[in-house]
Amino acid sequence: MADILNGLLDQGVNLIDTAAGYSGSEEMIGKTIGGRRDDYILVSKCGRAMEGVEGAEWSEEVITNTLDRALARLQTDHLDVMLLHTCDLETLKAGEAVGALVKARDAGKIRFLGYAGDNEAAAYAAQLDDVAVIETSVSICDQANIENVLAPCRENNVGVLSKRSIANAAWKGAAQQRGMYVNYAENYAQRLEKMAITPEDLGFSGPEDWPEIALRFTLFQPGLSCAIVGTTKPGNVTTNLAAAAKGPLPEDAAGKIRAAFRQAEAATGETWLGLQ
C-alpha cells in the first residue's frame, strides 16, 4: 500500500479518505505517508461505537475519543475534514454529534466538518450552517443523490465527495466480486443489468471501457468536488487519472445513462435510493 499511496501523491492526487471503522486504514496511512502530510487533504469519519473507544454511539464522548485516536494513528495534529459516518436523520436533528465536531473544529483539531451518507439525511445535513462537506453515493448505478443531495449542496456552497464512484465495478457481475463491499456490488450489478445499456450504446468500443465511462460520469457531475476511487493495484491509478483527464462524457452519453437509470427504476415500481 505504501507504493500505491506514494504513487497517488506523486501523480497529483491530493485527497485521502479513510474512517475509524476501516480496520487498519488510519494506522497504515500514518505510517506510509504521514511524513508527506502537506501533500494531501485528509478526510476521516467517526461517530459509531467501536471496540477500544469509550462512549455511546453518536455521543460527544465517542466522537471526541475517536478523533483523538485518529490524530495519533494518522500522525498529524489536525484533520482537514471529519465526517459523521452515516448516522440517521434523527441523530443529526438531535444536534449532539454535529456539536461535537463543531467543538473539535473550534479547538483546531479539524478544519471542516460534515456528513457521510445518503438520501434524506444527507440533504438535511447539507443545509446545516456548520456542515461544509458531504460524502455521498454517486455513480452510474446510484443516481438519486444527484438531484436530492448535490442540488442542496450547490445551493449552500457545500463541498461534495462521491463514494463508490465507479459503482463497485457493477459491469463485472456480483459473481466476480470479492471483499467487504460485495453486497453493494451485487445491488449495483442488478441495477446495471436492468438499465440494459452498453458501452456501445454510449459511443464506446466495448466492456473494457466501463471503468472510464463510470468515472467520467461521476467525476463531472455539477457540484461534485472529488470522486473517491479505491484500488489495490498501482496500475489503476494511472488508468483512472488518464480517464479523468479526458473530461466529462459527451452530453448525449451522460444523458443516455441518466435516462436508462430512470426508465429501469420506473419499470421496477420501486425508488432506487442512494445505497447507504
Index of the failed condition, E54 passing every other in (1) touching an Asp or Glu at 6+ places or on another chain (Cβ under 9 Å); (2) within 21 Å of E135 (Cβ to Cβ): (2)
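Going by the structure shown, is G7 over 16 Å from the mean Cα position of the chain (by Cα), assigned to a loop (DSSP other than H, G, I, E, B) and at pLDDT below 95?
Numbers: over 16 Å from the mean Cα position of the chain (by Cα): yes; assigned to a loop (DSSP other than H, G, I, E, B): no; at pLDDT below 95: yes.
Considered against the rule, which asks whether it is over 16 Å from the mean Cα position of the chain (by Cα), assigned to a loop (DSSP other than H, G, I, E, B) and at pLDDT below 95, G7 comes out as no.
Pick out the one residue from G55, G114 that is under 18 Å from A20 (Cα atoms) and touching a Leu at 6+ places or on another chain (Cβ under 9 Å).
Details: G55 fails: touching a Leu at 6+ places or on another chain (Cβ under 9 Å).
The conditions single out G114.
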Output the number of residues of segment 152-162 satisfying the condition of being surrounded by 23 or more Cβ atoms within 10 Å (Cβ to Cβ) and either more than 9 Å from the chain's Cα centre (by Cα) or free of Cβ contacts under 8 Å to residues at least 40 places away in the same chain (or both). 2
Matching entry among L273, L249 (being within 19 Å of V138 (Cβ to Cβ) and out of contact with any Lys or Arg (no Cβ under 8 Å at 6 or more places or on another chain)): L273
Please work out which residue is modelled with the lowest pLDDT, limiting yourself to segment 101-151 and to residues that are over 23 Å from I41 (Cβ atoms), surrounded by fewer than 24 Cβ atoms within 10 Å (Cβ to Cβ) and among the acidic types (D, E). E147
Go through segment 51-84 and give me each residue that's surrounded by fewer than 20 Cβ atoms within 10 Å (Cβ to Cβ), under 21 Å from the mean Cα position of the chain (by Cα) and under 25 Å from N119 (Cα atoms). D80
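Out of the residues in segment 243-273 that are in a loop (DSSP other than H, G, I, E, B) and in contact (Cβ under 8 Å) with a residue 60 or more places away in the chain, state the one that is surrounded by the fewest Cβ atoms within 10 Å (Cβ to Cβ).
Step one: filter segment 243-273 for residues in a loop (DSSP other than H, G, I, E, B), giving 246-250, 269-273.
Then drop every residue that is not in contact (Cβ under 8 Å) with a residue 60 or more places away in the chain, which leaves 271-273.
Numbers: T271: 9, W272: 18, L273: 15.
This residue is T271.
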So which of D88, D17 ends up being of a type in the set (D, E, K, R), within 19 Å of the chain's Cα centre (by Cα) and crowded, with 17+ Cβ neighbours inside 10 Å? D17
Working only within segment 57-79, note down all residues that are in contact with a helix residue (DSSP H, G or I) (Cβ under 6 Å, 6 or more places away or on another chain) and outside any helix (DSSP H, G or I). W58, Q75, T76
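Name the residue that is farthest from A116 (Cα to Cα), counting only residues in segment 156-171 that are of a type in the set (S, T, N, Q) and touching a helix residue (DSSP H, G or I) at 6+ places or on another chain (Cβ under 7 Å). So that I can check it myself, show each step before the final result.
Applying the first criterion (of a type in the set (S, T, N, Q)) to segment 156-171 yields 156-157, 162, 165, 168.
Right, trim to touching a helix residue (DSSP H, G or I) at 6+ places or on another chain (Cβ under 7 Å) and you get 162, 165, 168.
Values: S162: 9, S165: 14, N168: 18 Å.
Ranking the qualifying residues of segment 156-171, first place goes to N168.
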Based on this model, can you work out whether V237 counts as modelled with pLDDT under 95 and out of contact with any His (no Cβ under 6 Å at 6 or more places or on another chain)? yes
Return the only residue of A122, A97 being free of Cβ contacts under 8 Å to residues at least 60 places away in the same chain, part of a helix (DSSP H, G or I), closer than 23 Å to S59 by Cβ and not basic (K, R). A97
If you go through segment 259-276, how many residues are over 21 Å from G117 (Cα atoms) and under 20 Å from the mean Cα position of the chain (by Cα)? 0
Counting only residues that are within 17 Å of A167 (Cα to Cα) and among the polar types (S, T, N, Q), which one in segment 204-238 is surrounded by the fewest Cβ atoms within 10 Å (Cβ to Cβ)? T232
Pick from segment 182-203, criterion of a type outside the set (A, V, I, L, M) and touching a residue at least 40 places away in the same chain (Cβ under 8 Å), ranking: farthest from I140 (Cα to Cα): G203
Residue tally, condition buried (at least 18 other Cβ atoms within 10 Å of the Cβ) and without any contact (Cβ under 8 Å) to a residue 40 or more places away in the chain, over segment 31-45: 3
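The values are calculated or read from the model by the stated rules, or taken from the named source; none is laboratory data. Note that the structure is a prediction, hence the values are computed from the model and not measured. Note that we place each Cβ from the backbone using ideal geometry, even for glycine, and neighbour counts take in every protein chain shown.
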